[in-house]
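Here is the structure we will look at.
The values are calculated or read from the model by the stated rules, or taken from the named source; none is laboratory data. What you see is a predicted model, and the numbers here were worked out from it, not measured in a lab. Cβ: placed from backbone, ideal geometry, glycine included. Neighbour counts: every protein chain shown. To get the accessible areas, we keep the full protein, side chains included, count just its heavy atoms, and leave off ligands, DNA and RNA. Shrake-Rupley method; radii C 1.70, N 1.55, O 1.52, S 1.80 Å.
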Amino acid sequence: MINKILLLDDDISTNLYHRIILEESGLVQEIVDCLTVDDAISILKSAESAPDIIFLDINMPMKNGWDFLEEYKELAQHHKAKQIVILSTTRIPSDLERANNSPFVSQFFVKPLSIEKLKRLIK
């Protein structure tokens, strides 16, 4: 069972779809979604407990997923998630390489999220 997941994607309908998938899985107790990097960082700083998993989109306006990771590395350890999973439509090799080289990113999934992908994460 996963205690908390944070969804960070600038698209409301994508967050809604992923929320439905997570709820239908029966594997997640709490789901928090946000549309901007600033909101996500604020939520992480103020939360009593860090999420188990952050699903992070790369391509967002203003500040993108890479900007999030830059700000995230400055957070205190107790505000950091157990895993960050990039969830993106991109298949650009440089993005995949950058994700693989990040000390914070544990997985890279192509959208959309599925129950099967979620189960792979928790095994």
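For this structure, a couple of remarks:
- Hits in the range 48-68 (condition: out of contact with any Leu (no Cβ under 8 Å at 6 or more places or on another chain) and in a helix (DSSP H, G or I)): TRP66, ASP67
- Residue match in the range 4-15 (condition: within 22 Å of VAL110 (Cβ to Cβ) and among the hydroxyl-bearing types (Ser, Thr, Tyr)): yes
- Unmet criterion (only one of (1) in a loop (DSSP other than H, G, I, E, B); (2) open to solvent by less than 100 Å² (accessible area, probe 1.4 Å); (3) at pLDDT 95 or above) for ILE84: (1)
- Answer residue from the range 6-23, given it is out of contact with any strand residue (DSSP E or B) (no Cβ under 6 Å at 6 or more places or on another chain) and free of Cβ contacts under 8 Å to residues at least 40 places away in the same chain and is surrounded by the fewest Cβ atoms within 10 Å (Cβ to Cβ) among those: SER13
- Scanning the range 99-123 for residues that are open to solvent by 40 Å² or more (accessible area, probe 1.4 Å), basic (Lys, Arg) and part of a helix (DSSP H, G or I) yields LYS119, ARG120.
- Within the range 63-107, considering residues that are among the aliphatic types (A, V, I, L, M) and under 12 Å from the mean Cα position of the chain (by Cα), the one nearest to THR36 (Cα to Cα): LEU69
- Single residue of the range 69-81 satisfying the filter (part of a loop (DSSP other than H, G, I, E, B) and over 20 Å from LYS117 (Cβ atoms)) that is most open to solvent (accessible area, probe 1.4 Å): GLU74
- Considering residues of the range 87-98 that are in a helix (DSSP H, G or I), of a type outside the set (Ser, Thr, Tyr) and open to solvent by 60 Å² or more (accessible area, probe 1.4 Å) only, the residue nearest to PRO112 (Cα to Cα): LEU96
- Among residues of the range 24-47, those that are in a helix (DSSP H, G or I) and surrounded by 13 or more Cβ atoms within 10 Å (Cβ to Cβ), counted: 8
- Single unsatisfied condition, LEU56 versus (1) farther than 21 Å from THR89 by Cβ; (2) in contact (Cβ under 8 Å) with a residue 24 or more places away in the chain; (3) open to solvent by less than 80 Å² (accessible area, probe 1.4 Å): (1)
- Per-region count, the range 69-81, residues touching a residue at least 12 places away in the same chain (Cβ under 8 Å) and closer than 19 Å to SER49 by Cβ: 6
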